[in-house]
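Please treat every number below as a calculation from the coordinates, not as lab data. Owing to the predicted nature of the structure, the values given are computational and were not obtained by experimental measurement. With ideal geometry, Cβ positions are generated from the backbone for all residues, glycine too; neighbour counts draw on all protein chains shown.
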Amino acid sequence: MRIGYHADRIPHAVVITGGEGVTLAIMSNVSCDSVTVADVAGLSFSAEVIDQPLEASNTVVVKTDAGATFKLGNAVEDDAGVTFSYQMLQ
C-alpha cells in the first residue's frame with residue numbers, strides 16, 4: 001500500500017494499493033479510533049488499484065497475505081505533507 005499525491009483534488013493524499021499480498025478496504029465516514037477487529041469481518045477487500053482520497057473522516061483497513069491487519073486514518077494534510085495514525089488490529 002502506498003500513499004500518493006493527486007494534484008487535481010483536495011485532499012491531495014490518496015491511498016493506492018501496491019504490491020502483491022496486500023488488500024485494502026475503505027471505510028467512508030468511519031472514525032479510525034472506533035474501528036475494531038469485529039468491524040473488519042464484514043468488509044470487502046480488494047487488491048485492485050484504489051485511487052481514493054485519504055480524508056480525515058475515512059479509515060483504510062489493510063490486510064497482508066501474512067495474516068496481519070492494520071487500520072490507518074485520522075489523516076491531516078498540510079503544506080509539508082500528510083500525517084496519519086495506524087494500528088495493528090491482528
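Each stretch of four or more DSSP H residues adds -39500 (n - 2.57); spread over every residue of the chain, this sum gives -500 deg cm²/dmol at 222 nm. When +1 charges are put on Lys and Arg Cβ atoms and -1 charges on Asp and Glu Cβ atoms, the dipole computed for the chain relative to its Cα centre reaches about 220 debye.
Volume per residue of the convex hull around the Cα atoms, evaluated for the chain, comes out as 90 Å³. The calculated FRET efficiency for the pair Glu48 and Tyr5, based on their C-beta separation and a Förster distance of 25 Å, comes to about 0.80. Lys/Arg Cβ at +1, Asp/Glu Cβ at -1, dipole of the range 2-88 taken about the Cα centre: which of Ala56, Met27, Tyr5 is farthest positive-ward? Sorting the options by dipole projection puts first Met27.
Select from the range 1-59 those GluC sites (Glu not before Pro) which occupy a DSSP coil region and have at most 13 other Cβ atoms within 10 Å, ordered by residue number. Of the GluC sites (Glu not before Pro), the ones in loops of the range 1-59 whose Cβ has at most 13 other Cβ atoms within 10 Å are Glu20, Glu48. Which trypsin sites (Lys or Arg not before Pro) from the range 1-66 combine a DSSP loop assignment with at most 16 other Cβ atoms within 10 Å? Hits after loop and neighbour filter: Arg9. With the simple model of a label 7 Å out from the Cα in the direction of the Cβ, Ala38 to Thr64 spans 2.7 nm.
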